[in-house]
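The values are calculated or read from the model by the stated rules, or taken from the named source; none is laboratory data. Because the structure is a prediction, the values reported are computed rather than measured. Virtual Cβ from ideal backbone geometry, glycine too; neighbours counted across all protein chains shown.
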């Protein structure tokens, strides 16, 4: 009975009804006794209690008393004040003995709808309400509140109090543009709108005055302000002939009152010379591909520089990735004008293969003020993004992951592979042109762990002991361990040392999580649903602890997701279909996890700022539970440490890895997935706003389980490198994009 009444009470509180503490001997003879003012329990009594074991509810109030309720104190506040909280006290049924089913209902209102909003009852279980003054209103309101016996509506107690809202002068208002541009010598008119006294009708007749003061009288030599009426005004600003620069003026509007009487605004002002003019934009004829040079003539004031940006427009919409500055000086009069290069790509600019209504606009600008643009029209555009046919280099047996790094520090990038069919790793030393020597292999774990092969799954490379040489940590899937092997001066490694990890460790990342100058390791454990944090003890070893994440974390990545200067971690969780974000606290620990949906079966990921907003975003490869899907998710950061729901893209079958980089040279991040069952990579070129064009699918080796995007040959264009388990080799796709660099 008590639990049921508690539930009823909770519902009634939300409606402004509040239960009264149950008291013995309830009215209506509910227990068979004679109630106050009523008859025997069998008759129900005139009070009509109707309690369990008693008679039916009667019709009268009998000896009941009206509810009690204290009168709230009168309130006085200033105009536009914050809401006033009114707590109601001494709320009770009024009778000495009450049935446990009796409640008091509270209600109220006021007589000033133009002064106060409707009463806002507390929703947290408290007895009371907020009184909310309306903007720009003043006067007196009478507020009434009543308490009614829920069983006997005729038993009501009403209390009244006043709320006085004192008039307060509102500052006058006006709106100005974000900045003013004065073309010397001027004068230039700057419009002001929304000019008024502020407040309500009681302030409408206040007299207004407007003034303007120049902060730099050498740059702004004339400044006047005029009220035009009907909510409008204007400034008139002049500058010396030949002047140029940035300054500001202070605009002041006053209503002549004794308090809160002015509004001031500091308005940025740019003083400029007559803007530059671009004419004669020329674009090469024929099919455009890759890096294209356009020509134009620019006329501008002698000795002054004008920045020039190039805009590409298709069907009336700007195409991102081309707005670049040039910083030109002097006056150009030659027929060919000025040369300016930009990258064309049919995939990013014109992905559907149609090239109509394509314009190139050259816009001169100085001090942020645009001059007169020139335009040209393009007729045909071909693909700038291109990769050479694959080159293959032998890795160790079951090449599962390929990490690109200059292992021997000779200035040439090498490849380190983890070899899942044996118990080791291999190093392929680079030759500088994108090719590699035959692999040199090392043992990093026991051949068997119990009845199963050790199966090394991933490798990380860092100088863990700070001796100037690279070392290696390897996740051993079937051993539930991490192996550490230290690099030697002759290019070899020390015997491996194993450290306990979680159940089924897969991928790991290396970073300095505690800011001690030594690299630490974070390892995702697939079966135990956690991450092992190995903090470097600065003595050639690690101390580890576990942090829970989502179900079956397959991949882990690292970045500063909330821009606090500490490294954070994110895992792709194959069974909970999400990513887990662990924000680092800077001492090696991590705050409570946050999970974000990523579609079905995410098993790998890459991170990068895909929309250039300063926040790191995530792309996940989602092969699904059966490894047959073709889905890729992109989670764009909405705030520091939070992500929007995923946007979906299509790869080829079984995407299992993600690499991030600028592949087509447009300054925008792209990403590629390694598709295990399709023996391919899918390249998704970024648009710069966090979205991507449909994928390009390029053949690589058999079963690519890892993708890296890195410049192997030093030409400024990154290659694609895959580690291929099925063919036990490394594929290199040399970048042949015709981009301007």
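Of the strands (runs of 3 or more DSSP E) lying entirely inside segment 586-641, those carrying at least 2 residues that are within 20 Å of residue 686 (Cβ to Cβ) are 604-608, 617-622, 631-635, 637-639.
Out of the residues in segment 655-679 that are more than 22 Å from the chain's Cα centre (by Cα) and surrounded by fewer than 24 Cβ atoms within 10 Å (Cβ to Cβ), state the one that is modelled with the lowest pLDDT. Selected residue: 665.
Of the strands (runs of 3 or more DSSP E) entirely within segment 369-427, those holding at least 1 residues that are under 35 Å from the mean Cα position of the chain (by Cα) and at pLDDT 95 or above occupy 399-405, 414-419.
Taking the conditions (1) in contact with a strand residue (DSSP E or B) (Cβ under 6 Å, 6 or more places away or on another chain); (2) at negative phi in turn, residue 434 satisfies each one other than (2). Confirm whether residue 540 is farther than 14 Å from residue 524 by Cα, crowded, with 24+ Cβ neighbours inside 10 Å and in contact (Cβ under 8 Å) with a residue 40 or more places away in the chain. Here the answer is no, as residue 540 does not meet what is asked. Residue 281: modelled with pLDDT under 80, buried (at least 18 other Cβ atoms within 10 Å of the Cβ) and under 18 Å from residue 374 (Cβ atoms), yes or no? Taking the combined requirement at face value, the residue does not satisfy it. Annotation for segment 252-260: no member residue is closer than 14 Å to residue 181 by Cα and in a strand (DSSP E or B).
Within segment 685-695, being in a strand (DSSP E or B) and surrounded by 24 or more Cβ atoms within 10 Å (Cβ to Cβ) holds for one residue alone: 686.
Restricting segment 217-259 to residues that are exposed (fewer than 15 other Cβ atoms within 10 Å of the Cβ) and within 39 Å of the chain's Cα centre (by Cα) leaves a set whose member that is modelled with the lowest pLDDT is 246. Taking residue 52 as the residue in question, decide whether it is more than 26 Å from residue 167 (Cβ to Cβ) and either at pLDDT below 50 or touching a helix residue (DSSP H, G or I) at 6+ places or on another chain (Cβ under 8 Å) (or both). Yes; evaluated as a whole, the condition is true for this residue. Checking segment 563-579 against the condition returns no match, with no residue being part of a strand (DSSP E or B), at pLDDT 95 or above and farther than 23 Å from residue 706 by Cα.
Among the criteria (1) in contact (Cβ under 8 Å) with a residue 60 or more places away in the chain; (2) within 25 Å of residue 628 (Cβ to Cβ), the one residue 602 does not fulfil is (1).
Conditions (1) in contact with a helix residue (DSSP H, G or I) (Cβ under 9 Å, 6 or more places away or on another chain); (2) under 21 Å from residue 416 (Cα atoms); (3) part of a loop (DSSP other than H, G, I, E, B), marked per residue:
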site	(1), (2), (3)
663	no, no, yes
674	no, yes, no
697	no, no, no
701	no, yes, yes
708	no, yes, no
731	no, yes, no
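Scanning segment 691-741 for residues that are modelled with pLDDT of 90 or more and out of contact with any strand residue (DSSP E or B) (no Cβ under 8 Å at 6 or more places or on another chain) yields 714, 726.
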